[in-house]
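These notes are about the structure you will find just below.
What follows is calculated from the coordinates using simple rules that are stated; it is not laboratory data. Keep in mind that what you see is a predicted model, and the values were worked out from it rather than measured. Positions of Cβ are generated from backbone atoms using ideal geometry, with glycine treated the same way; all protein chains shown enter the neighbour counts.
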Amino acid sequence: MLKALIIDDETDICYLLSALLKHKNLESAYVNNLADATQMLKNYAPEIIFLDNHLPDGLGMNFIEYIRKFYPTVKIIMITAHDTAADKHRALKEGADFFIGKPFTRDLIYKAVDQVMN
C-alpha cells in the first residue's frame with residue numbers, strides 16, 4: 001500500500017485528507033509542524049507528501065528544498081489557504097509537483113494524487 005504524509009497544523013484538515021486518501025488506498029500519517037515532519041520522514045517513507053505552507057515553525061515552501069535533497073523521489077502536493085499565483089509559481093519552482101488552494105474538494109485531491117502517481 002502506498003503511503004502519504006500530511007504536514008498541516010490544522011488537525012481537521014489532517015483527518016479530512018486521511019479519510020479521502022483511504023478511499024484511494026493510501027495509508028497516511030500526519031504531523032502538525034516541520035520539526036515533527038523531519039523526524040517522521042526518518043522512519044516513515046511516504047510516496048506522497050501533502051505540505052501546508054504556513055506552519056507554526058516555518059514555511060512549507062522552504063521545506064521543499066529539504067525534501068528534494070533527502071527524499072528526491074517523494075511527490076509533493078502543496079496545500080495552502082494563501083492561494084496566490086505568486087505562491088503557486090514559487091512552490092512549483094521550488095519543486096512541488098502539484099499546488100492546491102484551500103478550501104479544496106475531494107475531486108481535486110483525487111486529481112492531484114492521480115496526476116503525481118502516474
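Considering region 1-46, the residues that are of a type in the set (S, T, N, Q) and at negative phi include one that is surrounded by the fewest Cβ atoms within 10 Å (Cβ to Cβ), namely ASN43. Right, ALA45: in contact (Cβ under 8 Å) with a residue 12 or more places away in the chain and within 13 Å of ALA4 (Cβ to Cβ) or not? Judged against the criteria, ALA45 is a match. Restricting the first member to region 97-115 and to residues that are closer than 13 Å to LYS24 by Cβ, and the second to residues that are of a type in the set (Lys, Arg) and surrounded by 14 or more Cβ atoms within 10 Å (Cβ to Cβ), the beta-carbon pairs closer than 7 Å and six or more apart or on different chains are TYR110/LYS24; VAL113/LYS24.
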